[in-house]
Amino acid sequence: MSANFYRDNPDLREYYLSLPGYVQSALDASGVELTTLGELQECAEELWQEMDDTARHD
């Protein structure tokens, strides 16, 4: 899904825009179709955690 989808969807906009830019970019690049707030939250949290873990090990 594109950033525009998340920004245009009133159910997802606030949460998406609250995420750090690098998580937003990762979501946009993933191409995963997330249509509910729960799906978006779960995927964003997993990406955020993976990026945090990677940064700690570098």
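The values are calculated or read from the model by the stated rules, or taken from the named source; none is laboratory data. All values derive from a computational prediction rather than experimental measurement. Note that each Cβ is placed from the backbone with ideal geometry, even for glycine, and that neighbours are counted across all protein chains shown.
With respect to the conditions (1) out of contact with any Leu (no Cβ under 6 Å at 6 or more places or on another chain); (2) modelled with pLDDT under 95, Tyr6 falls short on a single one, namely (1).
Taking each residue of the range 11-39 that is within 23 Å of Thr54 (Cβ to Cβ) and looking for partners that are modelled with pLDDT of 95 or more and loosely packed, with under 12 Cβ neighbours inside 10 Å with beta-carbon atoms closer than 9 Å, six or more apart or interchain, yields Gln24/Leu17.
Restricting attention to the range 33-58 and to residues that are under 10 Å from the mean Cα position of the chain (by Cα) and under 13 Å from Tyr6 (Cβ atoms), the residue that is modelled with the lowest pLDDT turns out to be Leu34.
Considering the chain, the qualifying helices (runs of 4 or more DSSP H), each wholly inside and each with 3 or more residues that are loosely packed, with under 10 Cβ neighbours inside 10 Å, run over 37-57.
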